[in-house]
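The values are calculated or read from the model by the stated rules, or taken from the named source; none is laboratory data. From a predicted model like this one, the values you see are computed outputs, not experimental measurements. So basically every Cβ, Gly included, is an ideal-geometry build from the backbone, and we count neighbours across all protein chains shown.
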Amino acid sequence: MQTILGANGQIAVELARELRRAYTNDLRLVSRRPRKVNDTDSLISANLLDPQQTMEAVKGSRVVYFTAGLPPDTRIWETQFPVMLKNSLDACRVAGASFAYFDNTYMYPQDSRLQTEETPFEPVGRKGNVRATMASMVLEEMARGDIPVLIGRAPEFYGPGKTQSFTNALVIDRLLKGKRALVPVRADTRRTLIWTPDASRSLAALGNASEAFGQTWHLPCCDDRPTYKELATTASSVFGSKASYGVVPKWAFVVAGVFSPQVREIRELLPRYEQDNLFDSAKFKRRFPDFDVTTYRKGLDLIHQEWSTEAQRKSGIPQSDAF
């Protein structure tokens, strides 16, 4: 049996689909209020802050994926995330289960150096410190060697459905609605983005490759790394909208943060938008040379198709009569 902890987020949903499609019918989804993704999924309601509930949720698992998320509240991250992770690692150790940790890049330096699996942790801000602490916990478990452990690390997301990212919220979603894109800080720095279904598919591939454990892996992204200007131009071409964008300067986020707790929570990430973001996933591509990485144009086309279908559904127009 394979188990997903934190099973309601976008990464977890796509992971459940991929595991069912390619690897196993025996899949358990765990969260406070889990929902089936596949008809064959089993569900367990558990609070990962509770050691005993976590132990019960993991019992009998062969591979456990940690994809849990929390609201973007620094205090909650600091008080809850490390506890959830510790309980999950402890439970896997008792169950003898392999542990696949889905990670982000918050702990990396927010500069233009090429990010590889060997990049040192130099977190900026409190959330970055939390993610550095958590990644270090997983690395310590990996070094201990009691159970197989791996880290799958992804840069910023873009994708379908309820994907949450600056890129979706400020650029893609606005262009879909015919609005001007809002580019954070600079439009001329290169960005490395990962298509969320690719992140989930690659994590599933790692979790089912025994030799992948004991290592950190950068999950696969396209190598062309467009600027936000280029991404907005491509998205506008795909969506059939005007290629229009405005740059939101750093000071505007600082001022908005005085009035908005949500904006305050993202300010520590702003330095990464002042620099090229160069995330390298060559190691994964060498190990899985047949993995099909979604191009930016294809990803944007899939987003547009999904958005068009949903718009037709809401309008009550039969899809066959929509054109």
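Whether any residue in the range 11-19 is among the hydrophobic types (A, V, I, L, M, F, W, C), buried (at least 21 other Cβ atoms within 10 Å of the Cβ), in a loop (DSSP other than H, G, I, E, B) and within 17 Å of the chain's Cα centre (by Cα) is what I want to check.
Looking for residues that are among the hydrophobic types (A, V, I, L, M, F, W, C), buried (at least 21 other Cβ atoms within 10 Å of the Cβ), in a loop (DSSP other than H, G, I, E, B) and within 17 Å of the chain's Cα centre (by Cα), one finds none in the range 11-19, hence no.
Cβ-Cβ under 7 Å, sequence separation 6+ or interchain: first residue in the range 187-209 and farther than 27 Å from Asp111 by Cβ, partner surrounded by 21 or more Cβ atoms within 10 Å (Cβ to Cβ) and of a type in the set (Phe, Trp, Tyr). Which pairs?
Sorted first by the residue in the range 187-209, then by its partner, the pairs are Leu206/Trp217; Gly207/Tyr65.
Any residue in the range 82-97 that is of a type in the set (Gly, Ala, Ser), within 23 Å of Arg191 (Cα to Cα) and not in a helix (DSSP H, G or I)?
Taking every residue of the range 82-97 in turn, none turns out to be of a type in the set (Gly, Ala, Ser), within 23 Å of Arg191 (Cα to Cα) and not in a helix (DSSP H, G or I).
Take the residues in the range 105-144 that are of a type in the set (Ser, Thr, Tyr) and assigned to a helix (DSSP H, G or I), then tell me which one is surrounded by the most Cβ atoms within 10 Å (Cβ to Cβ).
Thr133
Quick check on my filter: what residues within the range 69-116 are within 20 Å of the chain's Cα centre (by Cα) and without any contact (Cβ under 8 Å) to a residue 24 or more places away in the chain?
Within the range 69-116, Leu70, Pro71, Ile76, Tyr108, Pro109 qualify.
Which residue, of Trp217, Trp251, is within 18 Å of Glu14 (Cβ to Cβ) and not polar (S, T, N, Q)?
On inspection, the qualifying residue turns out to be Trp217.
Which of the residues belonging to the range 44-80 are crowded, with 20+ Cβ neighbours inside 10 Å, of a type in the set (A, V, I, L, M, F, W, C) and assigned to a helix (DSSP H, G or I)?
Result: Ala57, Val58, Trp77.
For Ser45, only one of the following conditions fails: (1) modelled with pLDDT of 95 or more; (2) in contact with a Phe, Trp or Tyr (Cβ under 8 Å, 6 or more places away or on another chain). What is its number?
With respect to (1) modelled with pLDDT of 95 or more; (2) in contact with a Phe, Trp or Tyr (Cβ under 8 Å, 6 or more places away or on another chain), Ser45 is out only on (2).
I'm told Met142 meets every condition in (1) modelled with pLDDT of 95 or more; (2) out of contact with any helix residue (DSSP H, G or I) (no Cβ under 6 Å at 6 or more places or on another chain); (3) within 21 Å of Ala7 (Cβ to Cβ) except one. Can you identify the failing condition by its number?
With (1) modelled with pLDDT of 95 or more; (2) out of contact with any helix residue (DSSP H, G or I) (no Cβ under 6 Å at 6 or more places or on another chain); (3) within 21 Å of Ala7 (Cβ to Cβ) applied to Met142, the lone miss is (3).
Filter the range 82-102 down to residues that are buried (at least 21 other Cβ atoms within 10 Å of the Cβ) and under 27 Å from Phe284 (Cα atoms), then give me how many there are.
So the count comes out to 10.
Mind listing just one residue for me: the one in the range 158-215 that is assigned to a loop (DSSP other than H, G, I, E, B) and aliphatic (A, V, I, L, M) and, of those, nearest to Leu269 (Cα to Cα)?
Val185
Of everything in the range 220-237, what is buried (at least 24 other Cβ atoms within 10 Å of the Cβ) and not in a helix (DSSP H, G or I)? Give them in sequence order.
Of everything in the range 220-237, those that are buried (at least 24 other Cβ atoms within 10 Å of the Cβ) and not in a helix (DSSP H, G or I) turn out to be Pro220, Cys221.
Can you find, within the range 156-192, the residue that is farthest from Tyr245 (Cα to Cα) among those that are β-branched (Val, Ile, Thr) and modelled with pLDDT of 95 or more?
Taking the candidates together, the pick is Thr192.
Inspect the range 249-264 for any residue being β-branched (Val, Ile, Thr), surrounded by 15 or more Cβ atoms within 10 Å (Cβ to Cβ) and touching a residue at least 24 places away in the same chain (Cβ under 8 Å) and give the result as yes or no.
No, there is no match, as no residue in the range 249-264 is β-branched (Val, Ile, Thr), surrounded by 15 or more Cβ atoms within 10 Å (Cβ to Cβ) and touching a residue at least 24 places away in the same chain (Cβ under 8 Å).
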